[in-house]
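Okay, structure first, notes after.
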Amino acid sequence: MSSILFRFLALAIILAIAIIVNVCVGDVCLTPSAAFQAITGDQSQSSLNEVLWQIRLPRICVAMVVGTALAVSGYVLQALSRNSLADPYLTGVSSGAGLAVALAMICNASFSFIPAAAFIGGLLASLLVASMARGPGGLSVSRLLLSGVGLSAICSAFITMILIHASSVAQGQGLFFWLAGGIAGRTWSEVTPSFLYTLVGILIALAMSKQIRLLSLGAQSAQALGLDVARAQWMLLAAAVLMCGAAVSISGLVGFVGLIAPHLARRLYGQDERMQIVCAAMLGMTLVLLSDLAARTLGQGQELPLGTLLSLIGGPFFLWLISRQNKEVLQS
């Protein structure tokens, strides 16, 4: 058995364990057998059946969708920028989507409009950042990241102003907790749109795996090999925005999943882009599932914000990546 296949199977087992633990652990703890009987509709387990089908399973599905969307979106953005530090949160896409959702929520828009608002906000943010980062040789890595950081700061300032001028305390608190990141209380009706958006984005990324490989060589090299660089860049950017918008619409601003999962996928799962995309999605699912489990079990009587927990994990990881790149530059 090759090392890559072994790592893939190990990741699949860890993901399966994370799903089972999330099903069984909560205010009411269950054994795996009791949970299985309740899920399959045992009439003697009717109350547990309702808890699992209406609360835990939708939440688990949301966690998996969010983890997949952010991980694959981060993978695509890192491939476009050719920089392992690129992330939907750092490139302004998440902040743009978050600002749009904040405006929609403050205007009392229906929830069915929230995913569309997130996509529109993320799209506008990505178009602005991409236009500022565009150069004769394609997207400039440094300008892309700097523009994203600047736009994130601006969007965060506007979101703060919206919070301050919320029409009611309850509305302001609801918006604050949503922006802090979390997937509590999500229902099946909220899972479907985000799942469809994420599925479309993943299919685009998988279908364009060869283009991603060519873009990794640099825009000029890719163009010399016959690739329409501009078209490929914009299609991949649209896929990343679609997935990021889908995640933000149901989880709020959850950062660093799109930084950690793609980096680990590239390091652990070979050079095949399709394998890396699939494993990045699985790593993203596992990371969000375990973080959400910690969010609802570590707090004493109160759920911790998912985005805060992931920032505590992702912040040190980001600093480690920077220090690692600095060492590589010094050694070269």
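The values are calculated or read from the model by the stated rules, or taken from the named source; none is laboratory data. Predicted, not measured: the structure shown is a model, and the values here were computed from it. Cβ sites come from the backbone with ideal geometry, for glycine too, and all protein chains shown count toward neighbours.
In the range 245-257 there is at least one residue that is at pLDDT 90 or above, closer than 19 Å to Leu15 by Cβ and surrounded by 15 or more Cβ atoms within 10 Å (Cβ to Cβ).
Conditions tested, residue by residue: (1) touching a residue at least 40 places away in the same chain (Cβ under 8 Å); (2) over 20 Å from Phe177 (Cβ atoms); (3) in a helix (DSSP H, G or I).
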{"site": "Ile20", "(1), (2), (3)": "no, yes, yes"}
{"site": "Leu30", "(1), (2), (3)": "no, yes, no"}
{"site": "Val51", "(1), (2), (3)": "no, yes, yes"}
{"site": "Met64", "(1), (2), (3)": "yes, yes, yes"}
{"site": "Thr68", "(1), (2), (3)": "yes, yes, yes"}
{"site": "Leu90", "(1), (2), (3)": "yes, yes, no"}
{"site": "Ser94", "(1), (2), (3)": "yes, no, yes"}
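Within the range 91-124, the set of residues being farther than 14 Å from Ser249 by Cβ and surrounded by fewer than 24 Cβ atoms within 10 Å (Cβ to Cβ) comprises Ile106, Cys107, Asn108, Leu124. Asn108 passes every criterion in (1) assigned to a loop (DSSP other than H, G, I, E, B); (2) within 20 Å of Ile212 (Cα to Cα) apart from (2). Cβ-Cβ distances below 8 Å connect no pair with a first residue in the range 115-133 that is more than 22 Å from Val191 (Cβ to Cβ) and outside any helix (DSSP H, G or I), a second residue that is among the β-branched types (Val, Ile, Thr) and at pLDDT below 80, and a separation of six or more residues or different chains. Just to be sure before I move on: is Ala157 in a helix (DSSP H, G or I), free of Cβ contacts under 8 Å to residues at least 60 places away in the same chain and surrounded by fewer than 16 Cβ atoms within 10 Å (Cβ to Cβ) in the structure I sent? Yes: the conditions hold for Ala157. Of all positions in the range 294-314, none carries a residue that is at pLDDT 90 or above, over 27 Å from Leu236 (Cβ atoms) and out of contact with any Pro (no Cβ under 6 Å at 6 or more places or on another chain).
Of the residues in the range 222-238, at least one is buried (at least 18 other Cβ atoms within 10 Å of the Cβ), assigned to a loop (DSSP other than H, G, I, E, B) and not basic (Lys, Arg). Among the residues of the range 168-191, some residue qualifies, meaning at least one is surrounded by fewer than 20 Cβ atoms within 10 Å (Cβ to Cβ), touching a residue at least 40 places away in the same chain (Cβ under 8 Å) and touching a Ser or Thr at 6+ places or on another chain (Cβ under 8 Å).
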